[in-house]
Amino acid sequence: MSSVPEVTCRTRSKRLPWFFVAAGAAGFLLVVARLVITGGPPDRWVLIGLLLMPLGVGGAYAAVVRVHADADGLSYRTLLRRRGARWEDIADVRVNLQRGRHSDIHRVEVVTRGGAVWRLPLPVGPSSEGQKAFDGTVEELRALHRRHGTPESDHLVVITGRTAGRRGGLPAVVCALFLAGAALAAWFVPVVAETRLAWTSAAPCAAESAAHDRDCLTTLSSVIARTEVKKGKGNSYLYFAGGRPIDRLAVSREGARGFEAGDRVRLTVWRGEVREVVGEEHAWREHFPGAGEVTVLAALCVLAAGMTGSVIVQRRRGRRLPADEVMPSSAPFAGAAVGTAVWALPYCYQHPTLVPDAPGDVVWAGLGSLASLALVLWAWRATRVRPPGPGTPDSTPLDDEDVFLPARFLESTDYNPNGFGTHIVLGADGPAVTPHPGPGRFAARPIPVERLVVRTVRRPRGGDGDTVPKSWDVAELDDGDRVIRLAAAPAHLGRILRAFTATDEAAPAGGPGAR
C-alpha cells in the first residue's frame, strides 16, 4: 500500500449525472417558456419544470464532485467549494460512522494541524462495490499520508455515536428545545390556574346580562341530529338539529359514544363556547387542565433537558481523550432523572407554585432534593472516565474447575472461526473459546496461548464495533504475524490474561508451550 501513487474518487456513473443535468435544464427552459415567453399563468407544465430543476442541481453536483490525493497532498471539489492541503498540514485521516435508517453510513474525515475537520464528499461506504472497496480507498489514503506526511495516530480512527470525537451539536439543540418547552409551560401555569378557577366559580347568567357577560353560564336546549365517532386519535363530533346553537361540536371519542340521534340535551355555554353537553343518561364536559398538570409537564421537560444535558457534560469530560475512545454510558444520569421524577412529579402536581403548604411538604421536598443530589453524585462517579486496567481485582485462584467468563475475540482466527465465541472457559484443560456460557466444553476450541503475546490493554475504540460494551477493556495480542483483539470486562480480562500467562509458564521446557 505504501507505493500507491495517487487516489482519485469520482461518481461511478458518468452518463447518469449528465442525464439529470439535461433533465434539470429542460425543466428550467419549460418554466421560462411558460411564464416568460408565453406569459401564461402557472399550470401543470410549470409544476413539472419546477420538479425537474432540483434533479439538474443534483446531477451537476454528482458530475463535478471529485477527491484527489497524490504525493503533493489531498484536495476535493464540489459544485460550490474547492479545498486542498499538503500532507504535512494534515494530522489524520479517519472514518466517521453515521447511523442510517437501514445501514451505517461511512464517511472519510480529514483533520488538519489547526484542528479543522473536513468531511470529504467521497468515498461513501458502503459503496455499490461493497464495504471492502470503501475500506481499500481509506487505506490507500492513509498509505499516502504515512509516506508523505506524519499521521498523529498509528491506527485507523473511527468516530461513532459512542466515541469522544462525536460532535455534540444535536444534543445541545435538543436540550435547548426542552428548556424552552419548560419555560413556556411554566409561563402558562398561572393562566391555566386562573381559567380553571373562573370556570369552577362561574354562576348562571341573569336574564338582563346574558348577552353582555361572557363569564357567566348560559343554558340552551337542543337535539342531537347525529354523532360521528372517529376510530383513531382524532376528535369525534356531535351534530345538532337545525344547526342550533352550532352545527357541530368536537368532543372526545367516549363522549360521542354516549349520545344517539334524537337525544334531547342541555348545553352550557361559557365565554362564547359550548363547554358541557348533558343528556338523560350521559354527559360530556370539556376538560380544563389544572395548574398541577401543566407544572408536571414543565418538570418533565426539565428532566428531559437534564438527561440530554448529561450527554453534553459527558462529551465535555472526555474532550482530552482520543477522538475514537468510547465514552462511558450516560445511563446513570437517566437513572438519576427517573429517581428524581418519583418524588418531584407528585410534588409538582400537588404544589403547582412549588411552594410547600405544610411542614410535611417541606420534609418531602427536602428529602427528595437530597436524594436527587445523591443520585447525581453517584451518576457522576459511575460515568467517570477510568483508565484501562483490572478495575476491581479478581483474586479468585486459578483451579481445575471450569469457569466461563463473557469475552470475545474481535478477529476471526482458527480457534475463533467467524467470530463464533462469546465466552472463554478457564480450567484444567486450558483456556478455550466457547459459543455458550456453559456448563461443559461442548464446541469449545482451545486457545494456543503459547503463541500469544500481550501488547497492551486499552479502552474500547470506535473501530472495535458496537458489540463491545462501554465498560469493557480491549487487550491487543500478537498472534504470530498479526494483531488480534480480546474484549472483556476489566476484572475478567485480567483473570483471562493471568490464565494465559500461568498456562504458558506451566508448559514444560521444549514442550508445546515453550516460546
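The values are calculated or read from the model by the stated rules, or taken from the named source; none is laboratory data. Because the structure is predicted, anything quoted here is derived from the model rather than measured. Here the Cβ positions follow ideal geometry from the backbone for every residue, glycine too, while neighbour counts run over all protein chains shown. Quick note on the areas: whole protein, heavy atoms, side chains included, nothing else; ligands and nucleic acids left out. Shrake-Rupley method; radii C 1.70, N 1.55, O 1.52, S 1.80 Å.
Looking only at the range 226-260, how many residues end up being touching a helix residue (DSSP H, G or I) at 6+ places or on another chain (Cβ under 7 Å) and either on the phi > 0 side of the Ramachandran plot or of a type in the set (S, T, N, Q) (or both)? Total satisfying the criteria: 2.
Take the residues in the range 412-435 that are closer than 20 Å to Ser471 by Cα and open to solvent by 10 Å² or more (accessible area, probe 1.4 Å), then tell me which one is nearest to the chain's Cα centre (by Cα). By that ranking, first place goes to Thr422.
Do you know which of the residues in the range 135-166 that are assigned to a loop (DSSP other than H, G, I, E, B) and within 18 Å of Ala71 (Cβ to Cβ) is most open to solvent (accessible area, probe 1.4 Å)?
Filtering the range 135-166 down to residues assigned to a loop (DSSP other than H, G, I, E, B) leaves 149-157, 160-162, 164-166.
Okay, now just the ones that are also within 18 Å of Ala71 (Cβ to Cβ), so 149-151.
Numbers: Gly149: 17, Thr150: 92, Pro151: 39 Å².
Of everything passing the filter in the range 135-166, Thr150 is most open to solvent (accessible area, probe 1.4 Å).
Please determine whether any residue of the range 39-47 is without any contact (Cβ under 8 Å) to a residue 60 or more places away in the chain, at positive phi and not in a helix (DSSP H, G or I). Yes, that holds for at least one residue.
Of the residues Arg113, Arg99, which is at pLDDT 90 or above and open to solvent by 20 Å² or more (accessible area, probe 1.4 Å)?
On the way: Arg99 fails: at pLDDT 90 or above.
Exactly one residue qualifies, and that residue is Arg113.
Residues in the range 320-360 that are assigned to a loop (DSSP other than H, G, I, E, B) and either closer than 21 Å to Gly292 by Cβ or touching a Gly at 6+ places or on another chain (Cβ under 7 Å) (or both): how many?
Within the range 320-360, the subset assigned to a loop (DSSP other than H, G, I, E, B) is 320-324, 327-330, 351-358.
Applying the additional criterion that residues be either closer than 21 Å to Gly292 by Cβ or touching a Gly at 6+ places or on another chain (Cβ under 7 Å) (or both) yields 323-324, 327, 351-358.
Count: 11.
Residues in the range 89-128 that are in contact (Cβ under 8 Å) with a residue 24 or more places away in the chain and among the charged types (D, E, K, R): Asp89, Asp92, Arg94, Arg99, Glu109, Arg113. Against the test of being open to solvent by less than 40 Å² (accessible area, probe 1.4 Å), over 26 Å from Ala176 (Cα atoms) and among the small types (Gly, Ala, Ser), the options Gly366, Gly360, Gly318 yield a single qualifying residue, Gly366. Is it the case that some residue within the range 450-466 is at pLDDT 90 or above, charged (D, E, K, R), part of a loop (DSSP other than H, G, I, E, B) and surrounded by 15 or more Cβ atoms within 10 Å (Cβ to Cβ)? Scanning the range 450-466 turns up at least one residue that is at pLDDT 90 or above, charged (D, E, K, R), part of a loop (DSSP other than H, G, I, E, B) and surrounded by 15 or more Cβ atoms within 10 Å (Cβ to Cβ). Do we have Val124 as of a type in the set (A, V, I, L, M) and either part of a helix (DSSP H, G or I) or surrounded by fewer than 17 Cβ atoms within 10 Å (Cβ to Cβ) (or both) here? When the stated conditions are applied, Val124 passes them.
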